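Written out below as structure tokens is the structure these notes cover.
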Amino acid sequence: MKPQLYASTYERLRTEPTWRLLSANTAPEVLALLRFLLYDTERTLPASVLTERLTTELELLRTHGRELGGAAAYYLRDWLQAGWLERRYPEGAEEEEYELSAAAIQALRILDSLQTQRTVATESRLSLVMDQLAQLTRQTDADPITRLEQLYEDRRRIDAEIDRVASGDVDVLEPERAVERLREIVALSRDLTEDFRRVRDQFTDLNRSFRERIIEEEAQRGQVLTDLFAGVDVIAESPAGRTFAAFWSLLTDPEQSAQLESSIDAIASREFTAQLQREERLFLTALTRTLLDRAGSVNDTQTGFARSLRSFVQSREYQEQRRLTMLLQSAKADALHVRHLLRPEHQTGQSLQLSSATYRSVGQWKLHEPVQPITAGALEPDDAPAISLEEVQAVVEQSEIDFRALYAHLREVLTTTSQVTVGGLLARRPPDQGLGTVVGYLALGAKHGEIALDGRERVEWTTGRGHARAAHIPLVYFLAERREEMHG
């Protein structure tokens, strides 16, 4: 492959979540948090638990000089959008749950490979390759004569070993070589357990692909529907499904499972196992349970997708989806037919009345004078009503605030500073629209900023009549990391 092709490939990979995570400005902190919260111990956490733990860890990192502005909720949203976290709502759960995405797991495994010092071309790795090649050669040989010769050779070798052991000559592997091989087995097993996340993503893609084929592709729809109506599990019959089925069958086979448990127990009792790190020993002793848990989750996902896909067809839901697709395609075809008659820049003959909102002080209102006189009484003081940012944003959507200018000013300021508040923005450029500018920034803060709990700041502006005004508003931070999503 030429350098240009390599460069094009790497340019595409640069947009992948794994690359973006490793090259992020805050990659050390983000990777450390992801590993500690969702990799080292628990792999899935409810939203409330994860938010609480992330808040605690962020505060600890800040006390040690790490510049991590924003609340935990901001980081969770950002990591979801970046593809480093995945959120799902399991059946019967009280709230949504978070787990690492396959891209984040791959990034952590890359770091582990860089951190682990492995001797190149070890004897155990070479032995593993040779054994697997010899076994594959034997299992794919269709010549009976060759297979018999190999079996006779195995019998002679086994008989010789039996005689040698019977005479008391037992060949035991040296502790150093045994530890080396055991570490290779642990590394291979660790990779195997992490691959289940990618297998589950494959089933998710298969489920989406089959639904698209049923709805959109006329040539493929008949075959898929025929298989589903005939009771065929199209996901299990796919290449990924058959590969996982073979693995699941081997893992759940009572004899093979018992042999695996027996081997692990025997190895754990050997003296050379003490040379392993504590984490490696714990992983080895829990290997069977880990494999069953991870594979069981994938099996449940596959079964759930098969059930939902069969229900999607048998309930005739696909017909409604097909009808909507045909309507959309028909609308697109009609638009193509008239594209030479009506251009986007031409007048359509229709007009829309834009809505607006006028902000006035409550003191300018005139009291209503009813016919019946009102009994005089003392006025009781009351606190000012609390107005949420969501309410402000709803009112702003009906106004004529120049959001394009506010977005431009906000992006300009965030190119030279890591964070800024509404007061900081007003200090750099006086508000042209007075209160409208302040409210506009609050609306942008509700959408793109981070709101400090119980935090407030004082801002000042001048009305159109030249009167000075001031108010205390919620403390909102705009962060440079979110600059790219701020478009007017």
Mind checking which pairs have a first residue in the range 88-104 that is closer than 23 Å to ALA32 by Cα and a second that is part of a loop (DSSP other than H, G, I, E, B) and hydrophobic (A, V, I, L, M, F, W, C), Cβ under 7 Å, 6 or more apart or different chains?
-> SER101/TRP84; ALA103/TRP84; ALA104/TRP84
So, first residue within 23 Å of GLU95 (Cα to Cα) in the range 45-64, second residue of a type in the set (Val, Ile, Thr) and loosely packed, with under 15 Cβ neighbours inside 10 Å, Cβ within less than 9 Å, six or more apart or across chains; the pairs are none
Flag for ALA306 being assigned to a helix (DSSP H, G or I), touching a helix residue (DSSP H, G or I) at 6+ places or on another chain (Cβ under 9 Å) and in the same structural domain as ALA187 (by TED's automatic domain parsing) | yes
Tell me, please, whether a residue that is touching a helix residue (DSSP H, G or I) at 6+ places or on another chain (Cβ under 9 Å), part of a helix (DSSP H, G or I), surrounded by 16 or more Cβ atoms within 10 Å (Cβ to Cβ) and outside the structural domain of THR15 (by TED's automatic domain parsing) can be found in the range 110-130.
-> yes
Residues ILE374, ILE451, ILE401: which one is under 34 Å from the mean Cα position of the chain (by Cα) and either modelled with pLDDT under 85 or hydrophobic (A, V, I, L, M, F, W, C) (or both)?
-> ILE451
Counting only residues that are over 21 Å from GLU176 (Cβ atoms), within 35 Å of the chain's Cα centre (by Cα) and in a helix (DSSP H, G or I), the range 265-286 contains a total of 2
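The values are calculated or read from the model by the stated rules, or taken from the named source; none is laboratory data. This structure is a prediction, so every number in the text was calculated from the model and none was measured. Glycine also receives a Cβ, built like all others from the backbone with ideal geometry; neighbour counts cover every protein chain displayed.
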